[in-house]
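**Q** First, the structure itself, so that you have it in front of you.
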Amino acid sequence: MLMKSTEKYFKAHPAYNASVHALGGLGVGILITYPFIGPHPLRWGIIFLGLSVLGHLYPILMKK
């Protein structure tokens, strides 16, 4: 049920889908390449991954 609503929302909103997954990819990329990012790579990686998770929760929590 939850996966169906998320998939349906992401199919209807491709720009939102791309943004959420780009944030997740950016977070993973920062965590993988942490020595090259700057002074706080763990903080930035977790922030971007957190935003991605929140972006996935939005369609689940949204009621129409």
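Any read-out appearing in this document is the output of simple, stated calculations on the displayed coordinates, not a laboratory observation. Here the structure is a predicted model, which means the values were calculated and not measured. Note that each Cβ is placed from the backbone with ideal geometry, even for glycine, and that neighbours are counted across all protein chains shown.
**Q** Indicate the gyration tensor shape class of the chain (rounded, prolate or oblate), computed on the Cα atoms with a ≥ b ≥ c the square roots of the eigenvalues: a/c under 1.5 is rounded; otherwise a/b larger than b/c is prolate and the rest oblate.
**A** prolate
**Q** Below 8 Å between Cα atoms, with a sequence gap of 6+, how large is the relative contact order for the chain in percent?
**A** Relative contact order, the chain: 38 percent.
**Q** Right, here's the next one. Could you put Ser5, Ser52 in order, starting from the residue whose Cβ has the fewest other Cβ atoms within 10 Å?
**A** Lowest count first: Ser5, Ser52.
**Q** Hey, another quick one. Determine the gain in length on full extension of the stretch Glu7-Thr33; use 0.36 nm per residue of separation and subtract their C-alpha separation, reporting nm with one decimal.
**A** Gain on stretching Glu7 to Thr33: 6.3 nm.
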